[in-house]
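Presented below is the structure to which this report refers.
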Amino acid sequence: MHGSAFTSTTPDDAFTEAWDSAQPDPGRSVIRVDLEAAEIDWEFVPGVRTRAWAFGGQVPGPTIEAQVGDVLEIHLTNHLPEPTVAHWHGLRIPAAMDGTERVQRPIAPGETFVYRFRVADAGTFWYHSHYNEAVQLERGLYGALIVRASDEPVFDAERTLVIDDVALDAAGRIRPPGWWIESHDGREGSTRLINGRVEPEVEMAAGQVERWRIVNAASARYVRLSVGGRPFRIIGSGGGLISEVYTTTEVLLPAAGRVEIAVGPFVAGETLRVESLPFNRGSFRKHRKPERFATLRVGAPAPSAAQLPDRLREIAPLVTGPVTPNREVRLGFTLGLKHGVEFTVNHEQHHRADPVRVGELQVWDVHNRSPVHHPFHLHGFFFQVLAVNGTAPAYLAWDDTVNVPAFGSVRIAWRADDRPGEWMYHCHIIEHHAAGMMAHFEVVR
Ligand SMILES: [Cu+2]
């Protein structure tokens, strides 16, 4: 990793400033959450006890819920045998609270660290370890984080589905990280999980419409989500509600991606497969058949009070006409001794990128110079996708994670609000990130 001094403030000063600035809006509150990271026994598969690592004694960790304008005060105690940190994926919080090794000393075994920040945006976010991630994320150190606005669309029910997979050996133990194929593909396990359980059954009432908040917490797996092949409506992405309802029968969730969908109504007695359709992301491991994550059973009818407007949110486009990008990000790879395949940004592992000035429009072309897809994640800020392989997306949205297709490119636009400090972007295939496909940069005033 490249050493780089903090030029504006020292981390301690930045941390104190962030702490002091975390005040709830009028009428909102400070929500204290006590989280313990510890080794537990967990039944990913019923009857099979697996040593896992978890927040709050469960996989996923407890869903943290708040309203826009609340302050979350999260006391994280580390009972693991090694250090950890927690990253608040998608939240626009001060750099000092971002939960990476760049902005804080890792939390040693036995230590407690307190994160404190105001939540500014409604949406489906998640938290996860950002330390030794190939091990810690795989073992279960992740959870959902839901922030609601005061005027959400009305549904009959809401559920949060956190997708993952785990690679278990015959004795039910999590396999240690592999080498050549796994360093290229990233870790994929054949035990497919929703909310920490293998292919669970989900039941909903006939005639009702539910809001499903879906998080892909897998280390590497892409999920081309289908609900029995039926149409569903996309209402949200990584950065909250999208501009207008988009009806489809499938949606691609790269690693770390989130989507919110309106599901139903269905007829009593129906059984639907919640599954991933075949998808080729360029990995050695192929997904040629649909793979089931859950079974949806439709029970007795119940009255519906769901009201979903077509227009969900006003999103002002950051770019309207032709525009010249001010930065190129090139995702590439090289062969090396440490991981077999070393992954790079602009030909450098753990790249040091140019600073970004507060308020200045950023238009970045992210080029993928490799034969595998990469999910590009920007910490701490939302961007708008302007084009994927030259084509504008179907709807306007805010996102923090976007798939960059193999040998393809994505153009994004974003603007840093006034949160100076050290930030990063990286591929969210955990093994690619670890092997160098990441960059640090500073946001400066
Ligand atoms: Cu990657």
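Data for the structure
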{"quantity": "Tally of residues being among the hydrophobic types (A, V, I, L, M, F, W, C) and in a strand (DSSP E or B) across the stretch 155-199", "calculated": "10"}
{"quantity": "Residue list for the stretch 184-197, restricted to those being more than 16 Å from the ligand (Cβ to nearest atom) and open to solvent by less than 40 Å² (accessible area, probe 1.4 Å)", "calculated": "G189, T191, R192, L193, I194, G196"}
{"quantity": "Every residue from the stretch 266-284 that is of a type in the set (K, R) and crowded, with 20+ Cβ neighbours inside 10 Å", "calculated": "R281"}
{"quantity": "Residue in the stretch 317-334 that is within 16 Å of the ligand (Cβ to nearest atom) and modelled with pLDDT under 95 present", "calculated": "yes"}
{"quantity": "Number of positions in the stretch 405-445 that are outside any strand (DSSP E or B), within 18 Å of F383 (Cα to Cα) and open to solvent by 10 Å² or more (accessible area, probe 1.4 Å)", "calculated": "5"}
{"quantity": "Some residue of the stretch 376-399 being within 16 Å of the ligand (Cβ to nearest atom), modelled with pLDDT of 95 or more and farther than 30 Å from R311 by Cα", "calculated": "no"}
{"quantity": "Residues of the stretch 203-213 satisfying the condition of being open to solvent by less than 10 Å² (accessible area, probe 1.4 Å), closer than 26 Å to I64 by Cβ and hydrophobic (A, V, I, L, M, F, W, C)", "calculated": "M204, W212"}
{"quantity": "Residues (touching a residue at least 12 places away in the same chain (Cβ under 8 Å), over 17 Å from the mean Cα position of the chain (by Cα) and open to solvent by 10 Å² or more (accessible area, probe 1.4 Å)) located in the stretch 160-174", "calculated": "L168, R173, I174"}
{"quantity": "Within the stretch 214-255, strands (runs of 3 or more DSSP E) holding 3 or more residues that are open to solvent by 10 Å² or more (accessible area, probe 1.4 Å)", "calculated": "240-248"}
{"quantity": "In the stretch 256-273, the residues that are of a type in the set (V, I, T), part of a strand (DSSP E or B) and over 19 Å from V402 (Cα atoms)", "calculated": "V263, T271"}
{"quantity": "Total residues in the stretch 102-131, condition at positive phi and crowded, with 21+ Cβ neighbours inside 10 Å", "calculated": "1"}
{"quantity": "Where a residue in the stretch 349-368 is open to solvent by less than 10 Å² (accessible area, probe 1.4 Å) and its partner, wherever it lies, is among the polar types (S, T, N, Q), with Cβ under 7 Å and at least six apart", "calculated": "V356/Q362; Q362/N326; V363/N326; V366/S409; N368/S409"}
{"quantity": "The lone exception for E152 - which of (1) surrounded by fewer than 18 Cβ atoms within 10 Å (Cβ to Cβ); (2) under 26 Å from Y425 (Cα atoms) it fails", "calculated": "(2)"}
{"quantity": "Residue satisfying all of: in the stretch 326-345; within 21 Å of V410 (Cα to Cα) and among the polar types (S, T, N, Q); least open to solvent (accessible area, probe 1.4 Å) among these", "calculated": "T344"}
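The values are calculated or read from the model by the stated rules, or taken from the named source; none is laboratory data. As the structure is a computational prediction, the values presented were derived from the model and not from experiment. Here the Cβ is made from the backbone with ideal geometry for all residues, glycine too, and neighbour counts use every protein chain on show. What goes into the accessible areas is simple: the full protein's heavy atoms, side chains included, and nothing from ligands, DNA or RNA. Shrake-Rupley method; radii C 1.70, N 1.55, O 1.52, S 1.80 Å.
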